[in-house]
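Comments concern the structure below.
The values are calculated or read from the model by the stated rules, or taken from the named source; none is laboratory data. In this text the structure is predicted, and so the values were computed from the model without any measurement. Backbone-built Cβ (ideal geometry, glycine too); neighbour counts: all protein chains shown.
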Amino acid sequence: MSLVQPRTLPGALELLPHEQIAFQGLLDTIRTTYERFGYLPIETPVMELAQVLLTKEGGETERQVYFAQSTGDREAGREPELALRFDLTVPLARYVAQYEGQLSFPFRRYQIQRVYRGERAQRGRFREFYQCDIDIVGQDSLPVRYDAELPAVIHQLFTELDFGGFMIEINNRKLLRGFLADLGIAEGEQQKLVLREVDKLDKRGPDWLRQTLLERFDLAAAAVEKLLAFVGTRSQSYADAAEILDRLAAEHQHELLGQGVTELREVLARVADFGVPDSHLRLNFAIARGLDYYTGTVYETVLSEHPEIGSVCSGGRYDDLASNYTRSRLPGVGLSIGATRLFWQLRELGLYRQSGSTVQVLAALMDEDLLSHSLALASRLREAGVNVQTQLEAAKLGRQLKYADRAGIRFVLIVGSDELSRGVVTVKDLRAQTQFEVTPEALAGELLQRLAAALPSAPAEPAR
């Protein structure tokens, strides 16, 4: 029988244990931050009814859907009824519509799960990846001040992740749409298409956008230059942002633009109240977000020292989350982090920290006759909250120390005949490169104290 070559399917990120621990640490930090701001966890099935899933105006995303079909249905020639979720927003819409009568509003949820898209196989593009979402969903209404909480969450999260400097960029689609209307680009399909191109400004540059607007949309050169000047606006501080909005309101009378200015003023005031420094937040009038269901405030976050990564966290306001599933009006605001892509990019840049093992202690075994003693010692430590791996086969001490060092285990417990006769345990701290003796009764407390003490982190892993 010929062997099947073991290989990972294109577009999936498969990690070795120490990398998986680092990735899990990223997810844990995201989860902890979300919970600190009062968001509740939910999970939804990886598969949804195709009828439910394919309702959002998602453009290209909906053409990347993976359908799921049983063997029996396929053999019978039946169309697939199920599909893998391509984001977490559509499942949330279905969830809120289905359980509206059992939820407390405003409903705050976080969701950290895998999603699936039929991306073209290429470096850094994933078909299976984790999204980490939060949303606040209102019933009938949701005051715009809720939009200010999302930048506060982003600020605390990326401060704790400590990847270096970051900038939260904020805008309002009403402001953009009102400005386009003032230029004579009426609401409708053309305005949506122009907004999608404007959203690419920071990635492709003003020359590209100028050429695209002139050639594809047949806009007057004067209108294009006014639009380029507008979307090139960036604020330097809260005071500067206030002056920009005041000037904009004085120069333009369009009602929708005025609404956008009013909403941005309140959001910026509340963001400051949340304690987000203006060194980490700025207006960026080019931020539009490509999905048309965003209706007001929109956000993107970039790492200041690595803009080539692009947005690492994005989201915004939508007026009616679940209109395809209920007659209730359920406005909301949310954000999403593509954790798999972010981790992969940080690993490529050598920015993530090398993680040790989740195993804290190795109970070495040099004599088969001491196995029962070693197992009892390990059990006592586990009861105290220490993660212990027990060697179940006797081996030379040097070999066990080498194994622990390679596996990233910090402490090794050594109990030989000498230690047993003296009623002590020898402990090697491989990270601090020290050794000490302690009684079995005091062992757990000593280990927990040393584990809690801060030691220098391992160096950043080099880029691969």
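Each residue in region 299-313 was checked for being surrounded by fewer than 22 Cβ atoms within 10 Å (Cβ to Cβ) and of a type in the set (A, V, I, L, M, F, W, C), and 2 of them qualify.
One line per residue, one yes/no per condition, for (1) closer than 28 Å to residue 20 by Cα; (2) in contact with a Ser or Thr (Cβ under 8 Å, 6 or more places away or on another chain); (3) of a type outside the set (D, E, K, R); (4) at pLDDT 95 or above:
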{"position": "376", "(1), (2), (3), (4)": "no, no, yes, yes"}
{"position": "401", "(1), (2), (3), (4)": "yes, no, yes, yes"}
{"position": "419", "(1), (2), (3), (4)": "no, yes, no, no"}
{"position": "435", "(1), (2), (3), (4)": "no, yes, yes, yes"}
{"position": "448", "(1), (2), (3), (4)": "yes, no, yes, yes"}
{"position": "464", "(1), (2), (3), (4)": "yes, no, no, no"}
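Per the listing 85, 125, the residue uniquely in contact with a helix residue (DSSP H, G or I) (Cβ under 7 Å, 6 or more places away or on another chain) and either under 19 Å from residue 345 (Cα atoms) or at pLDDT 90 or above (or both) is 85. Note on region 197-222: among residues that are charged (D, E, K, R) and surrounded by 15 or more Cβ atoms within 10 Å (Cβ to Cβ), the one that is farthest from residue 283 (Cα to Cα) is 210.
Checking the structure you have, find out if any residue of region 277-298 is among the charged types (D, E, K, R), surrounded by fewer than 16 Cβ atoms within 10 Å (Cβ to Cβ) and in contact with a strand residue (DSSP E or B) (Cβ under 9 Å, 6 or more places away or on another chain). No, that holds for no residue.
What residue, among those in region 104-126 that are surrounded by fewer than 17 Cβ atoms within 10 Å (Cβ to Cβ) and in contact (Cβ under 8 Å) with a residue 24 or more places away in the chain, is farthest from residue 41 (Cα to Cα)?
Narrowing region 104-126 to residues surrounded by fewer than 17 Cβ atoms within 10 Å (Cβ to Cβ): 104-105, 113-114, 118-125.
Okay, now just the ones that are also in contact (Cβ under 8 Å) with a residue 24 or more places away in the chain, so 105, 113-114, 118-119, 121, 124-125.
Working: 105: 15, 113: 11, 114: 15, 118: 27, 119: 28, 121: 32, 124: 28, 125: 27 Å.
The residue in question is 121.
Evaluation of residue 362 against the conditions (1) more than 23 Å from residue 18 (Cβ to Cβ); (2) free of Cβ contacts under 8 Å to residues at least 60 places away in the same chain shows that the sole unmet condition is (1).
A single member of 79, 57, 75 is of a type in the set (Asp, Glu), in contact with a Leu (Cβ under 8 Å, 6 or more places away or on another chain), surrounded by fewer than 13 Cβ atoms within 10 Å (Cβ to Cβ) and modelled with pLDDT under 95, and it is 57. Number of residues in region 425-451 that are out of contact with any strand residue (DSSP E or B) (no Cβ under 8 Å at 6 or more places or on another chain), over 21 Å from residue 407 (Cβ atoms) and surrounded by fewer than 17 Cβ atoms within 10 Å (Cβ to Cβ) equals 4. Tallying residues that are surrounded by 21 or more Cβ atoms within 10 Å (Cβ to Cβ) and more than 30 Å from residue 326 (Cα to Cα) within region 127-154 yields 1.
Which of the following residues is over 23 Å from the mean Cα position of the chain (by Cα), among the basic types (Lys, Arg) and at pLDDT below 95: 327, 347? Just a single option satisfies the conditions, and that option is 327.
Counted as qualifying within region 249-335 are the strands (runs of 3 or more DSSP E) with 1 or more residues that are more than 20 Å from residue 176 (Cα to Cα) and touching a helix residue (DSSP H, G or I) at 6+ places or on another chain (Cβ under 7 Å), namely 297-303, 313-318. Take region 226-251 and flag every residue that is touching a residue at least 12 places away in the same chain (Cβ under 8 Å) and either crowded, with 17+ Cβ neighbours inside 10 Å or over 30 Å from residue 152 (Cβ atoms) (or both). Answer for region 226-251, where residues must be touching a residue at least 12 places away in the same chain (Cβ under 8 Å) and either crowded, with 17+ Cβ neighbours inside 10 Å or over 30 Å from residue 152 (Cβ atoms) (or both): 226, 227, 228, 230, 231, 235, 238, 241, 244, 245, 248. Of all residues in region 76-92, those satisfying the criterion of being touching a strand residue (DSSP E or B) at 6+ places or on another chain (Cβ under 7 Å) and among the acidic types (Asp, Glu) are 81, 87.
Give me the residue from region 1-57 that is of a type in the set (Phe, Trp, Tyr) and part of a loop (DSSP other than H, G, I, E, B) and, out of that set, nearest to residue 153 (Cα to Cα).
The qualifying residue nearest to residue 153 (Cα to Cα) is 37.
Counted as qualifying within region 77-180 are the strands (runs of 3 or more DSSP E) with 2 or more residues that are at negative phi and within 15 Å of the chain's Cα centre (by Cα), namely 107-116, 128-137, 166-172.
For region 372-393, a residue qualifies if it is over 15 Å from residue 440 (Cα atoms) and buried (at least 16 other Cβ atoms within 10 Å of the Cβ), and the qualifying residues are 389, 390, 391.
Take residue 410 and decide whether it is charged (D, E, K, R), in the same structural domain as residue 373 (by TED's automatic domain parsing), over 18 Å from residue 366 (Cα atoms) and surrounded by 14 or more Cβ atoms within 10 Å (Cβ to Cβ). In short, yes.
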